[in-house]
Amino acid sequence: MKKQLELLCQIQTIDTNISHSETLRKKYEADMQALEVELQQSEAHYKAEQERQQRVEKELLQRERELAEARELKKKAEERIMSVKTNKEYQAGLHEIELIKQQIKQKEDAIIESMDACEMAKASVHKAADALKSAHARCEEKRRQIQEELAAYLATIEQQKAQREELVKEVASDLLADYLRLLKVKNGRALARAEHEQCMGCSMKIPPQIYNEVVLGEKIKTCPNCNRILYVAQFPDTSTE
């Protein structure tokens, strides 16, 4: 029966690794999704900066057109004042020209502001582009690393699965059935190590008689509390010379 328990311990180790591989796979998937979110955020930021640059450039063009129109109005007003016949008309013309000059000054100041805004927007776009490039490189490297690590781990798991198939062939069918049942209902832990008359699966004390039988390893014994199959780390050598 010791041999059967040893086989179950090996199978339990493999089953634990298989379960861990699924947890690890899900973690890697979550890490990949986090990378995608990070990349999407960088792309969204870059796009927003591009759109802002387009807006300020469009605003600059509009202000330049308005300035050109104001200068044309000033030119026409200056031409008209040359043909006025009365002092009143002349004074009115001068007033009109002065107002247009003020408008031109305001528009020139606005253009300077727009030009500064364009330079800042251009710099922001370059910065966002560099950040996006770095994010792409970082995400690609992390993605490659994750895929390689997961592939290597899963390859090991596949080898263990093949080993498990051979191990289960050596376990008694009724014992294997009990093991599989416990595996489902005990959160993937069908076996529990017994140590110093204590079940390490549920931390409850094991009656001395049962513990002694577990140590001998001649019978399959279960924990009276959690019902897991009990084993000891090392069975005593009872062979004779």
Subject >> Karplus 3J(HN,Hα) series, Hz, for the range 212-226 with 6.51 cos²θ - 1.76 cosθ + 1.60 (x for Gly, Pro) >> reply: 4, 5, 5, 4, 5, x, 8, 9, 7, 10, 10, 5, x, 8, 9
Original post:
Expressed in nm to one decimal, what extension gain is obtained for the pair L216 and I18 from 0.36 nm per residue of sequence separation less their Cα-Cα distance?
Top reply: 68.3 nm
Original post:
What FRET efficiency do you get for A34 and E113 if R0 is 35 Å and r is their Cβ-Cβ distance, rounded to the nearest 0.05?
Top reply: 0.30
Original post:
Quick one: helix 87-168 against the long Cα principal axis of the chain, what's the angle to the nearest 10°, folded into 0 to 90?
Top reply: 10 degrees
Original post:
Where the centroid of each part is defined by its Cα atoms, how far is the range 91-130 from the range 144-201 in Å?
Top reply: 74 Å
Subject >> Sequence-distant residues sharing a close amide H with T222 (under 5 Å, placed H) >> reply: L230
**OP:** Match the structure shown to one of the listed values (i) 17.9, 54; (ii) 41.1, 140; (iii) 23.5, 79 of Rg and Dmax of the Cα atoms in Å, computed from it, and give that label.
**Re:** (ii)
Original post:
Can you work out ³J(HN,Hα) from phi for every residue in the range 41-55, in order, using Karplus 6.51 cos²θ - 1.76 cosθ + 1.60 and θ = phi - 60°, giving whole Hz and x for Gly and Pro?
Top reply: 5, 5, 5, 5, 5, 4, 5, 5, 5, 4, 5, 5, 4, 5, 5
**OP:** Would you kindly state how much longer the chain becomes between R181 and T156 on full extension, computed as 0.36 nm times their sequence separation minus their alpha carbon distance, in nm to one decimal?
**Re:** 6.4 nm
**OP:** Grab the beta carbon distance between Q163 and A44, set R0 = 41 Å, and tell me the FRET efficiency rounded to 0.05.
**Re:** 0.30
Subject >> Exposure rule at most 11 other beta-carbon atoms within 10 Å, DSSP loop trypsin sites (Lys or Arg not before Pro): the chain longest free segment >> reply: 1-84
Original post:
Against the longest principal axis of the chain, how steep is helix 173-185, in degrees 0 to 90 to the nearest 10, with axes from Cα atoms?
Top reply: 40 degrees
**OP:** Straight distance only, please: which lysines reach the Cα of K122 with their own Cα at less than 20 Å, same-chain residues fewer than 8 apart left out?
**Re:** K47, K58, K133
Subject >> Order of C199, C118, C223 under a 10 Å beta carbon neighbour criterion, fewest first >> reply: C118, C223, C199
Subject >> Other-chain or far-sequence residues with amide H under 5 Å of E195's (modelled H) >> reply: M200
Original post:
Straight-line reach from K26: which aspartates and glutamates have Cα under 14 Å away, leaving out those fewer than 8 places along the same chain?
Top reply: E149
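Readers should treat all values here as calculations from the given coordinates under stated rules, not as data from a laboratory. Since the model is a prediction, treat every value here as computed from it, not as a measurement. Methodologically, a virtual Cβ is constructed for each residue, glycine included, from the backbone with ideal geometry; neighbour enumeration extends over all protein chains shown.
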